[in-house]
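The values are calculated or read from the model by the stated rules, or taken from the named source; none is laboratory data. Everything numeric in this text was worked out from a predicted model, so none of it was measured. Virtual Cβ from ideal backbone geometry, glycine too; neighbours counted across all protein chains shown.
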Ligand code: HEC
């Protein structure tokens, strides 16, 4: 065999092996065809396929809300529990006496309010809208939550809450709202100060 022939055969072998994936489906399952589950997808189809089981945290209500990962998988970054069961606030963080007793150490100076407004825009407006009234057009995730059965949530109840309760709500979230441990303590207070501008206490 001449040299160009050997090169041609070697090339064909290399190119041909790339097609293997196209014909081997009936023999092997392929990683790229595994089930993909998006965070706010409605859950029922996967439930029927047995891909997940409801957790007690979410109760027996309608099948909506954040996904629990399929069994035996760990999301990138690992699972952080929102609040440890032995934390005295665990039963109802926002309404616990510990939350009510927290005192806001940061005065609502113009700098604090500006910082709070910025952070609110980054973290909260996507669900609660920039005016806090969760208008679906302005708050795209609120629209998706509504489609999944959780109505958009206006923050009109804010005046009734103590600063520490709002702070705790941001820290631990609720089943339908994410927790924000990554927002620093000071920044949580800045957001609380800004919430008072959106919804002043009477
Ligand atoms: C992914 C959507 C989402 C994001 C982002 C979000 N929230 Fe919420 N929030 C909700 C939902 C849904 C509720 C109503 C149900 C509940 O309390 O869990 C809610 C409720 C609230 C309440 C009212 C609690 C009550 O019990 O009356 C406050 C206050 C609040 N959010 C503040 C915030 C702040 C501040 C941020 C930003 C740091 C934020 N939320 C980000 C979805 C979200």
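At a glance:
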{"item": "In region 103-144, the residues that are closer than 20 Å to residue 173 by Cβ, assigned to a helix (DSSP H, G or I) and in contact with a helix residue (DSSP H, G or I) (Cβ under 8 Å, 6 or more places away or on another chain)", "result": "116, 119, 120, 123, 126, 127, 128, 140, 141, 142"}
{"item": "Residues of region 178-192 satisfying the condition of being touching a residue at least 24 places away in the same chain (Cβ under 8 Å), assigned to a helix (DSSP H, G or I) and more than 10 Å from the ligand (Cβ to nearest atom)", "result": "186, 189, 190"}
{"item": "Residue match in region 131-153 (condition: closer than 25 Å to residue 97 by Cα and either modelled with pLDDT under 95 or in contact with a strand residue (DSSP E or B) (Cβ under 6 Å, 6 or more places away or on another chain) (or both))", "result": "yes"}
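Per-residue answers, yes or no, for (1) buried (at least 20 other Cβ atoms within 10 Å of the Cβ); (2) without any contact (Cβ under 8 Å) to a residue 24 or more places away in the chain; (3) under 17 Å from the mean Cα position of the chain (by Cα):
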site	(1), (2), (3)
103	no, no, no
113	no, no, no
116	yes, no, no
158	no, no, no
167	yes, no, no
176	no, no, yes
